[in-house]
Amino acid sequence: MAKNQTEHQVELQEAYKDSILVFVMNLFHIINTAIIFIICVKSKRAITTKPSSRNYQSNIPLFWKIANKRDISSSQPKRFIFNDYPIAIYKDAESQKVKAISDICIHRGASLSHGKIRNNCVQCPYHGWEYKDGLVDHIPGLPDTKRNAFGVPRFEIEEINDDIYLRPSYDMNSQKGTLYNHTIYVPPEASDPDFVRITGMRHIHRPNHLITENVLDMMHISYVHSFGNTLSPIPFKIDYEDISPLSGKTTFHYTSGPTSMSRLIGGAQFVQVENEFHLPDATVTRVKANGITKTIITHCYPIGKNESILHFDLYRNFLKHTWFDPMFRYQMKLTLDEDVDIINYIYDDYVQGFMSNQFDVTQIKYRQKMKQLFVQINEK
Ligand code: FES
Ligand SMILES: [Fe+2]
């Protein structure tokens, strides 16, 4: 009996030793996996890109509409300047995905968008270095060059409804820069089969925020625009609502003018105008009267401090035949000519003015939310 007890104790000790061994082996395995993971992460971070993140990390780290897919080719990169920083955008022939890389060749600073697409790489026009997704893949005469180790920054792209959105603040190659989570604004009209769309863009020599604020300013319409409702320029009711930390909407109620499109086509006595902003770059002006709706979407990005690109879309659920497109294009051109004429003469140092009233609510909310966004980004 005593012997049995001893045997039992020995068995227990053996089992104890075994479980310690299993525990140590498991621990060793976990540490090993962690080390491999850290090495992988570190080696990913080890990709070097130039120029440094100082050149782009202060851009607002949200997606900005930069182009339409039809502007981008798979044979030749195209140059876009975002906030004084040059970016080459092209379509990857294999994946058909749009890619955006820094336009500055790391060898001697040539413009990559002046090169060609070769072997599904962007080939620099100066000495033929080839970049795959922004990383040097081949240097002529140096076949042993390490691939995927160095190159230029590559920026995130999102494609929605053939529109190309760029995040100009974060390099996916070196994983440096700034990020901010948000949903890209897409208007409901874009997926509504009842609407047709025309698109266009305009190069304007004014700051992007000034152009955006002008689109959010309803009270200028009757004074600046030839289609303005001169009989009842003052809305009889205004409602502002916050949509999200990045967006807001004001609804203006007007009496329609006797020669306005809403009166002539829709026979409407009243017109409702919804004016929205969606940071960082989008505005909506939706004119509704008796079931007819015309919606203008704008996206404006900075080329530099006093130079911008304004993209516009006009959606309509009336006069839908393409025969009417030239008329709506002409109306957009005239509208933008008139807008540019007035904003060219706003004094640079006084773009925010000294006072405002209840009719300026949308621009004021746009400024406030933009400020809050800056605070949040800087706190990160
Ligand atoms: S400058 Fe681009 S390869 Fe020399
Ligand atoms: Fe205007």
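The values are calculated or read from the model by the stated rules, or taken from the named source; none is laboratory data. Computed from a prediction, not measured in an experiment: that's the story for all the values here. Heads up, the Cβs are rebuilt from the backbone with ideal geometry, glycines too, and the neighbour counts pull from every protein chain shown.
Can you confirm whether segment 134-148 contains a residue that is surrounded by fewer than 21 Cβ atoms within 10 Å (Cβ to Cβ), touching a residue at least 40 places away in the same chain (Cβ under 8 Å) and over 22 Å from R79 (Cβ atoms)? Yes.
Every residue in segment 168-188 that is part of a strand (DSSP E or B) and not aromatic (F, W, Y), please. Don't jump to the end; show me each part of the working.
Just the residues of segment 168-188 that are part of a strand (DSSP E or B), to begin with: 168-171, 176-177.
P168, S169, D171, K176, G177 - these are the residues of segment 168-188 that are part of a strand (DSSP E or B) and not aromatic (F, W, Y).
Among residues of segment 340-353 that are more than 21 Å from M370 (Cα to Cα), those with a beta-carbon under 6 Å from a residue that is not small (G, A, S) at least six positions away or on a different chain give the pairs V340/I204; I342/V224. Once segment 177-231 is narrowed to residues that are among the aromatic types (F, W, Y) and more than 15 Å from ligand 2 (Cβ to nearest atom), the residue that is nearest to Q358 (Cα to Cα) is Y185.
For I234, the conditions (1) of a type in the set (A, V, I, L, M); (2) assigned to a loop (DSSP other than H, G, I, E, B); (3) surrounded by 14 or more Cβ atoms within 10 Å (Cβ to Cβ) all hold with the exception of (3). The residue that is farthest from the chain's Cα centre (by Cα), among those in segment 77-111 that are away from ligand 1 (no atom under 16 Å from the Cβ) and charged (D, E, K, R), is E94.
Has segment 151-158 got any residue that is modelled with pLDDT of 95 or more, in the same structural domain as K69 (by TED's automatic domain parsing), in a strand (DSSP E or B) and over 24 Å from R70 (Cα atoms)? Quick ask: steps written out before the conclusion?
Just the residues of segment 151-158 that are modelled with pLDDT of 95 or more, to begin with: 151-158.
Keeping just the survivors that are in the same structural domain as K69 (by TED's automatic domain parsing) gives 151-158.
From the residues that got through so far, the ones that are in a strand (DSSP E or B) too are 151, 154-158.
When the remaining residues are screened for being over 24 Å from R70 (Cα atoms), the result is 151.
Yes, some residue in segment 151-158 is modelled with pLDDT of 95 or more, in the same structural domain as K69 (by TED's automatic domain parsing), in a strand (DSSP E or B) and over 24 Å from R70 (Cα atoms).
Assessment of segment 247-258 against the conditions (closer than 18 Å to R197 by Cβ and either surrounded by 17 or more Cβ atoms within 10 Å (Cβ to Cβ) or assigned by TED's automatic domain parsing to the domain that holds P86 (or both)) yields no matching residue.
Restricting segment 319-347 to residues that are acidic (D, E) and over 14 Å from E213 (Cβ atoms), which is nearest to ligand 1 (Cβ to nearest atom)?
Applying the first criterion (acidic (D, E)) to segment 319-347 yields 325, 337-339, 341.
Narrowing the set further to residues that are over 14 Å from E213 (Cβ atoms) leaves 325, 337-338, 341.
On the way: D325: 42, D337: 41, E338: 44, D341: 42 Å.
Checked segment 319-347; the qualifying residue nearest to ligand 1 (Cβ to nearest atom) is D337.
One residue alone among F354, F374 is surrounded by fewer than 16 Cβ atoms within 10 Å (Cβ to Cβ), modelled with pLDDT of 90 or more and under 19 Å from the mean Cα position of the chain (by Cα), and that residue is F374.
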